[in-house]
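J.: One structure, as structure tokens, below. Some questions next.
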Amino acid sequence: MSKNLLIVESPSKAKTLKKYLGPGFEILASYGHVRDLIPKSGAVNPDDHFAMKYQMVERNEKHVDAIARAVKNADHIYLATDPDREGEAIAWHLAEILKSRNLLKNKSLQRVTFYEITQNAVQEAVAHPREISMPLVNAQQARRALDYLVGFNLSPLLWKKIRRGLSAGRVQSPALRLIVERENQITAFKSEEYWSLHLDSHKGTQSFTARLIQFDGTKFQQMSVGSETQQTEILESLKGKPAKVVSVEKKRKQRHAAPPFTTSTLQQEAVRKLGFTTDRTMKVAQQLYEGVDIGGGAVGMISYMRTDSVSLSQEALQDIRDHINKNFDGEYLPEKPVFYANKSKNAQEAHEAIRPTAIARTPANLRGHLTPDQFRLYEMIWKRSVASQMTQAQFDTVKVDISVGDRGTLFRANGQTLIFPGFIAVYREDEDDTSEKGAAAESDDEARLPLLTEGEGLPVDRLWGEQHFTQPPPRYSEASLVKALEEFGIGRPSTYANIISTLVHREYVLLDKKRFTPTDVGAVVNKFLTEHFSRYVDYDFTARMEDQLDLISEGKLEWVPVLTQFWEGFSSQVEEKASVSRAEITQESLDEACPKCGKPLSIRLGRRGKFVGCSGYPECDFTRNLDGATDSADPIVVGTDPAVGQPIYLLNGPYGPYLQLGEIATEGKKPKRVSLPKNLLPAQVTMDIAQSLLSLPRDLGVHPETGKKITVNIGRFGPYIQHDGGFRSIPKEDNVFDIALERALQILAEPKGVGRGSLRQLGVDPVNQQPVGIFSGRYGPYVKQGKINATLPNGVNIETLTLEEALLLLAEKAAKTGKPAPKKKAVAKKKTAAAGKKKATARKRKT
């Protein structure tokens, strides 16, 4: 037996490490967390210095037992869990379990960390082990205790005051507040009209446009002209007056490359450039980190993907600079390496930025070894890393001021020419939420201008005005929400994907066209928390708590006093708010009388969202929708489709609400209909949403192999892809309105086996090639392969469950039943034998 035992979290990582450490090491996986707080009251005891009661994670007990057996035969145990607070805590829990079983006598147990899975990094880590860092463990325990105390005390209040099944979280609640407050800003926004004024001119054959910046000696502001009449008066006053160049200003401008990726910026850029969700981004990054077989065994492709750092190691810097020097002209390589300052609030342990483990592994060379998602993410990481060490892009900019009539009225033309691409030759960062004004300005900057000189006269080809309307702030996308969470110091980049998925899963928010909208339930939960627990959803309070957790991780603060200070205020507030009535939270009074009984009306929260109801309920049952339509079987007119001039109706059918274009009773051809998605309430249907839904089915194009059309649509069981007479469900992380042909082909290429009730496809069993998926059943989620179903134990996260873990659950279930999944031939024989036995019995009865 091996005298050295190395324990990691992931089984796929174990395979990669085995070839680096050789036969002298046995490598086992814990499959993630091995212990967690008991899922009931009393798991954290504030009266006993916040003592925590842990229990084994049921799904991983067999893995811990396997580790315990291996420990008996090992002299040296290395805990190589992930290099962050969570990984440190898992290492500590493993050590505590092994100690409790008296397995560590006369044995060496040490901690090793590496930030990339390469031979040098792994062997260097094993050669320099350390002790478990208790400050890091205490920081994780403090975070877990805080989350438990908030969840187990606020969630029951929400159940009593609003609806069963709701939850509140220390970090998710401030994130929800961000989304609700943005929606309130949009609702309250009053759009205003304004006009920009322009001059068209030319020199030779080159035309250009200038924008009015000063009129009659006064600076021209965005809102200076608010009507067509005003702009007409100004333009009329300038007609016939000569135009002359009064100043020409030329400058050389440089643009610097963006730093290498942190967890946060990787998530933001993957959302913007690749159309990924934050959750999908982290899953693909995990695969690249743990190792991909590129011929000759698995290799770690990128450094650790949970990091706040923008720095690179000296080895990585030299690797990148050598690549630039070899593949680009000399002017693309700076004299010295480029270093970046970390701007992230609450930056955690200073690891390296996310980068390829070897720049020589170019995306082009790896295309055949990576899945489409892996390739696209790796390519983006590779390009960003290389670009970060290249010279700046250089532009020649020119600003020309043109007077019309006299020097009191000025128009300005801007031009910009790229003269040296620098890093742009490899990579350019995307931007989020570009405003109308910003887009116009960028367009002007990129324009080319003719060579103009001061005092030169110019022809006035046209004077014209353009109407605009001020726009409300945009709803948060996943990218802009992640950016806001980071700026406010809410949570950690490694938790952002989980925060977002929790808000969507709880149906507190909807993700429509890649933008977040709060549901009625989400708005009511936020109202309750902001009015009654304002301190604990306050952005600064949440950020200060993260600061304290950082100080605990650095050993500069004790964790128990931090929890004590938090609990003293929080617990008393929970007791105080127990007396708040449900009506106070879920109802809003209206200054309107019930048309049926005369009592006051109020806005209430029902199972399907907000509605207007009578305060005299149950004696008076009058209700109506928020848009004024009464709650009856009569259809609601959403609006009129301008393309066809037909009304759009919202109706209730046997399978739920649906939209219909055209009259209800139409002779001959049936009117077009489409079901509402399950996460969309009728009260939330706007004209834009209705038109988007009625634009379905969408034609994505032709399958390159079959030559047949691929379409997407929404049916009774949700969004789906249709191709060649077959159907595939569209995963939750994709949007039916913007899914592209490339993504649809990926989904169609996945093995069949995920049908009605399906939650997630995990992959294919490498032994028997049967698909494995997670399904929703009467008694909760379960994994399924062929004829075998295995219920998921309590506490298992369906979003993070791996194929390996699912196969173990299925194997345990098969062992309990005493027989494996039946093969097709065996099933056929069994049926034939049963039929023969049945006939023989019937004959016997006749005789």
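J.: Hey, what do the phi angles of the range 310-317 turn into as Karplus ³J(HN,Hα) couplings, whole Hz, using 6.51/-1.76/1.60 and θ = phi - 60°, x for Gly and Pro?
T.: Karplus values, whole Hz, x for Gly and Pro: 10, 8, 10, 5, 4, 5, 5, 4.
J.: Using the beta-carbon distance between K816 and K251 and R0 = 60 Å, what value does 1/(1 + (r/R0)^6) give for FRET efficiency, to the nearest 0.05?
T.: So, using R0 = 60 Å, E works out to roughly 0.20.
J.: Among 296-308, 694-706, how do they line up from the highest to the lowest mean number of other beta-carbon atoms within 10 Å?
T.: 296-308, 694-706
J.: State in Å² the accessible area per residue of the range 1-112; use a 1.4 Å probe, count heavy atoms of protein chains only, and round to the nearest integer.
T.: Heavy-atom accessible area per residue stands at 44 Å².
J.: Keeping the other protein chains in place, figure out the carbon and sulfur percent of the accessible area of the range 75-212, with a 1.4 Å probe.
T.: Using a 1.4 Å probe with all protein chains present, the range 75-212 comes out at 48 percent carbon and sulfur.
J.: To continue, here is another question. Classify the range 62-193 from the C-alpha gyration tensor, please: rounded if a/c falls under 1.5, else prolate or oblate depending on whether a/b exceeds b/c.
T.: Cα axes put the range 62-193 in the prolate bin.
J.: Sticking with this structure for a sec: Tell me, what is the percent relative contact order of the range 233-349, built from C-alpha pairs under 8 Å that lie six or more residues apart?
T.: The value is 20 percent.
J.: How much length would be gained if the chain were fully extended between S572 and K239, taking 0.36 nm per residue of separation minus their Cα-Cα distance, in nm to one decimal?
T.: Net length gain for the segment: 112.6 nm.
J.: Label points 7 Å out from Cα along the Cβ direction at A68 and S589: separation in nm?
T.: That separation, rounded to one decimal, is 6.3 nm.
J.: Over the Cα atoms of the range 1-85, how large are the radius of gyration and the largest Cα-Cα distance (Dmax), in Å?
T.: Cα only, the range 1-85: 15.7, 50 Å (Rg, Dmax).
J.: Using 19 Å as the Cα-Cα cut-off, could you pick out the over-long pairs in K62/K813; K15/K99; K161/K577?
T.: In this structure, K15/K99 lie more than 19 Å apart at Cα.
J.: Order 55-62, 172-179 from most to least packed using the mean count of other Cβ atoms within 10 Å.
T.: 172-179, 55-62
J.: Would you calculate the separation in nanometres between label points at D724 and V702, each defined as 7 Å from the Cα along the Cα-to-beta-carbon direction?
T.: 1.5 nm
J.: Over 26 Å between C-alpha atoms is what I'm after, so list which of K250/K326; K273/K732; K283/K816; K190/K672 land there.
T.: K250/K326; K283/K816; K190/K672
J.: I'd like the Karplus ³J(HN,Hα) series for the range 17-33: coefficients 6.51, -1.76, 1.60, θ = phi - 60°, whole numbers in Hz, and an x wherever there's a Gly or Pro.
T.: 6, 4, 6, 7, 9, x, x, x, 10, 9, 10, 10, 10, 8, 6, x, 5
J.: Under 5 Å between amide H atoms, partner at least 5 residues away or on a different chain: which partners does V299 have, H built in plane at 1.01 Å?
T.: Here V292, D293, I294 satisfy the definition.
J.: Before anything else, pin down the relative contact order of the range 453-519: Cα pairs under 8 Å, at least 6 apart, normalised by residue count, whole percent.
T.: Answer for the range 453-519 is 28 percent.
J.: What whole-number value in Å² describes the accessible area per residue of the range 113-188 for a 1.4 Å probe?
T.: For the range 113-188, the solvent-accessible area averages 40 Å² per residue.
J.: Could I ask something else about it? So, with a 1.4 angstrom probe, what is the percent of accessible area on the range 459-599 that is carbon and sulfur?
T.: Accessible surface attributable to carbon and sulfur in the range 459-599 totals 48 percent.
J.: Roughly how big is the range 467-550's charge dipole about its Cα centre, with Cβ charges of +1 (Lys, Arg) and -1 (Asp, Glu), in debye to the nearest 20?
T.: That gives a dipole near 320 debye.
J.: Moving to a separate point now. Under the classification rounded if a/c is under 1.5, otherwise prolate if a/b is larger than b/c and oblate if not, where does the range 491-629 fall, given a ≥ b ≥ c as square roots of the Cα gyration tensor eigenvalues?
T.: Because a/c hits 1.5 or more and a/b fails to exceed b/c, the range 491-629 counts as oblate.
J.: Which is farthest toward the positive dipole end of the range 57-120 among Y115, A95, P83, measuring Cα position about the Cα centre, with Cβ charges +1 (Lys, Arg) and -1 (Asp, Glu)?
T.: Farthest towards the positive end: A95.
J.: How large is the accessible surface per residue of the range 681-747, computed with a 1.4 Å probe and reported in Å² as a whole number?
T.: 50 Å²
J.: Using a probe of 1.4 angstrom, how much of the accessible area of the range 214-352 is carbon and sulfur, in percent?
T.: In the range 214-352, the share of accessible area belonging to carbon and sulfur is 47 percent.
J.: Could you work out the relative contact order of the chain, using alpha carbon pairs under 8 angstrom and six or more residues apart, expressed as a whole percent?
T.: Normalised by residue count, the contact order of the chain is 11 percent.
J.: With point charges of +1 on the Cβ of Lys and Arg and -1 on the Cβ of Asp and Glu, referenced to the Cα centre of the range 121-197, which listed residue (V150, A125, S196) lies farthest in the positive direction of the dipole?
T.: Towards the positive end, the residue furthest out is V150.
J.: Also, I was wondering about something else. Taking a point 7 angstrom from the Cα of L451 along the C-beta vector, which residues in the range 238-270 have backbone N less than 19 Å away?
T.: Only 245-252 pass the distance filter.
J.: Return the calculated 222 nm mean residue ellipticity for the chain, to the nearest 500 deg cm²/dmol, obtained by summing -39500 (n - 2.57) across DSSP H runs with n ≥ 4 and dividing by the residue count.
T.: After summing the helix terms and dividing by the residues of the chain, the value is -11000 deg cm²/dmol.
J.: Using the Karplus equation 6.51 cos²θ - 1.76 cosθ + 1.60 (θ = phi - 60°), what ³J(HN,Hα) coupling, rounded to whole Hz, does each residue of the range 258-270 give in order, writing x for Gly and Pro?
T.: 6, x, x, 6, 9, 4, 5, 5, 5, 4, 4, 5, 5
J.: I'd like the FRET efficiency for K3 and V580, computed as 1/(1 + (r/R0)^6) with the beta carbon distance as r and R0 of 51 Å, rounded to 0.05.
T.: In this case the efficiency is close to 0.25.
J.: Going by average Cβ density within 10 Å per residue, which order do the peptides 230-241, 492-503, 351-362 take, highest to lowest?
T.: The packing order, highest mean first, is 492-503, 351-362, 230-241.
J.: Sticking with this one: Grab the beta carbon distance between K15 and E131, set R0 = 30 Å, and tell me the FRET efficiency rounded to 0.05.
T.: 0.60
J.: Oh, and also: Taking Cα atoms of the chain, Rg/Rh with Kirkwood Rh, to two decimals?
T.: On the Cα set of the chain, Rg over Rh gives 1.01.
J.: Which net charge results when you count Lys and Arg as +1 and Asp and Glu as -1 among the other residues whose beta-carbon is under 14 Å from that of L333?
T.: -2
J.: Further question on the same structure: Quick check on the range 322-433: take the gyration tensor over C-alpha atoms, sort the square-rooted eigenvalues as a ≥ b ≥ c, and tell me if it's rounded (a/c under 1.5), prolate or oblate.
T.: prolate
The values are calculated or read from the model by the stated rules, or taken from the named source; none is laboratory data. From a predicted model like this one, the values you see are computed outputs, not experimental measurements. Note that each Cβ is placed from the backbone with ideal geometry, even for glycine, and that neighbours are counted across all protein chains shown. Just so you know, the surface numbers come from the protein's heavy atoms only, side chains and all, with ligands and any DNA or RNA stripped out. Shrake-Rupley method; radii C 1.70, N 1.55, O 1.52, S 1.80 Å.
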